[in-house]
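Computed from the coordinates by the stated procedures, all read-outs in this text should not be read as laboratory data. All of these numbers come straight from a predicted model, not from anything done at the bench. All Cβ positions, glycine included, derive from the backbone under ideal geometry; neighbour counts span all protein chains shown.
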Amino acid sequence: MRKGRGHVPIRTCISCGLKSAKSDLVRLVMDEAGYLSRDDLKTRGGRGAYVCDRKECDEGLLNNKRLQRIFRREKLVIVTEPEPG
C-alpha cells in the first residue's frame, strides 16, 4: 500500500472538456426547486456538474444549451447570489 498518497477525484468541465482535479473546478448544482447555483463548498445535494473557473467556460455555458441538456430542463433559473455562510 502506498503511503502519503490519496485518491484524487477527477472531473470534466462541461464547457471545454478539460479534465482536472475536483478541487480545481467549480461545482454547479440544481436544487429541488430548479434553481441553478454555485456550490463552493461542494457539499450540497442535488444534480451537479463541474466547470472551469475561466471566463471562456462561463460564456460558453450561457451561449449554448449544454446546461439545459445536463440538468434535463428546458428553462433554468440561474442564481448569482453567493451562498450564505
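Just a few scattered comments:
- Backbone HN-Hα couplings from phi across segment 50-60 [Karplus 6.51/-1.76/1.60, Hz, Gly and Pro as x]: 10, 9, 5, 8, 10, 4, 4, 6, 4, 5, x
- With only the Cα atoms considered, the chain has a convex hull volume of 129 Å³ per residue.
- The modelled label-to-label distance between Lys19 and Asp31, using points 7 Å beyond Cα along the C-beta direction, is 3.4 nm.
- The chain: calculated mean residue ellipticity at 222 nm from DSSP helix runs of at least 4, using -39500 (n - 2.57): -4000 deg cm²/dmol
- Partners for Lys19 among aspartates and glutamates (Cα-Cα distance below 18 Å; same-chain residues under 8 apart left out): Asp53, Glu56, Asp58
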